[in-house]
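The values are calculated or read from the model by the stated rules, or taken from the named source; none is laboratory data. If you're wondering where the values come from, they're calculated on a predicted model, not measured in any experiment. Methodologically, a virtual Cβ is constructed for each residue, glycine included, from the backbone with ideal geometry; neighbour enumeration extends over all protein chains shown. To get the accessible areas, we keep the full protein, side chains included, count just its heavy atoms, and leave off ligands, DNA and RNA. Shrake-Rupley method; radii C 1.70, N 1.55, O 1.52, S 1.80 Å.
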Amino acid sequence: QDGFVYAENSGLTNIKSSTIFRDRLAYATDHQIFFSDPGRPANVIGINFIQCPSANKITALGELRGNLLIFTDRETYLYVPSEGTIISRGRPPIAVSTNIGCVGPSAITTASSKLVWVSNSGVHSTSDGTTISNIGKPIESFWAGGGLMTNPMTSYFETASNGHVDISSVTPPRTLLQFSPENITLCYSQNKKALIMNAPHLNGAWCFTEGMWSWWTYESIV
């Protein structure tokens, strides 16, 4: 009745990420974000979209306090929407960071009223959308830029005839842990108050709880 023209399937392809945003669903393609109607995620008005000002492709979206955070692999943008049916009429997204992004659509979550995500340099959080904290600093050696981290859980083959090895004379080999952005996921356990970053390429995860990080291995070292 308002004369809006809705997008068709062919007009909304190559979706990279999505998130719930003000009772709508926000869809990200390489450089654009489309907004559905409230409560109707399959209905998108053709003009209800914004353009990300970055030349890099969008990797993730996150909602915080009614505003939208847009990520590329190296950047973070904040979008404050307009009111009404067409929420794409707000000011263009503003750059919050030009060196901190998000590695993927599953590497972002909400934890205790903060938005938390994994970048190529650490684990970051924000409570207001403009100030970014590095909560992964204690384990920064896990990321390539900080060097390599040694797995605290290690083992080696016992070859002595008596069935054990005296470690005072033998140096056990160390397993190195190093970040890779592929298939990284981030989730938050409300009951345990635990932030868990899963690293499938290492069959393990980092867990952040009570202000401390610990490494959880998914493999037996027996």
Condition first: open to solvent by 20 Å² or more (accessible area, probe 1.4 Å), among the acidic types (Asp, Glu) and touching a Cys at 6+ places or on another chain (Cβ under 9 Å). Can you find one or more residues in region 61-72 that meet it?
no
Do any residues in region 51-74 that are in a strand (DSSP E or B) have Cβ atoms under 7 Å from those of residues that are open to solvent by 20 Å² or more (accessible area, probe 1.4 Å) and of a type in the set (Lys, Arg), where the two are at least six apart or on different chains, and which pairs are they?
ILE58/LYS16; THR59/LYS16; THR72/LYS57
Residues of region 118-135 being in a loop (DSSP other than H, G, I, E, B), under 11 Å from ILE100 (Cβ atoms), in contact with a strand residue (DSSP E or B) (Cβ under 6 Å, 6 or more places away or on another chain) and touching a residue at least 40 places away in the same chain (Cβ under 8 Å), in sequence order, are ILE132
Would you mind finding the one in VAL103, VAL96 that is open to solvent by 10 Å² or more (accessible area, probe 1.4 Å) and part of a strand (DSSP E or B)?
VAL96
State all residues of region 106-127 that are open to solvent by less than 10 Å² (accessible area, probe 1.4 Å) and on the phi > 0 side of the Ramachandran plot; if no residue qualifies, say none.
GLY122
